[in-house]
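Reading through the structure tokens given below for one structure.
Throughout, read-outs are computed from the coordinates displayed, never taken from laboratory work. Since the structure is predicted, the reported quantities are computational estimates derived from the model, not experimental observations. Here the Cβ positions follow ideal geometry from the backbone for every residue, glycine too, while neighbour counts run over all protein chains shown.
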Amino acid sequence: MTPVVDPYTVQSPSQGISMHQAAILQFERTVREFARWRAVPEDDRSPAPGWWWGAALDAVGMPQVMPPDWCARLELPLDASFDDGARLLLENLADQTALPWPGGFSDGVKHTEPPQMEI
């Protein structure tokens, strides 16, 4: 019986570890958002969004090398693995105790009060 190979999974034959394509797409989104977030001066940044945790945790332990542009966005060596990128994200999220207000991520402004909705 031949094993079934999922066409939506990236596999590392030497490690026997695989990462689903949907997880890779979420990780790519997180890498792009993280680069934009980090470009804002630290004192002016909004908290990082909580959805980065999921993408980062999905990539922990994945030995595959990330595309070079993702490595550059994360300021990692060009041969960095998904695991390297995930650990960088988790390090930046670990001390965070608050999430951004809805719609407040990546605007570069800290919010002291919740946004007021007009009725």
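In this structure, Trp53 and Leu78 have a Cβ-Cβ separation that, at R0 = 30 Å, corresponds to a calculated FRET efficiency of about 0.70. Computed from label points 7 Å out along Cα-Cβ, the spacing between Glu28 and Val40 is 2.5 nm. Given all pairs of different Cα atoms, what value in angstroms does the Kirkwood hydrodynamic radius of segment 16-93 take? Radius from the Kirkwood sum: 12.5 Å.
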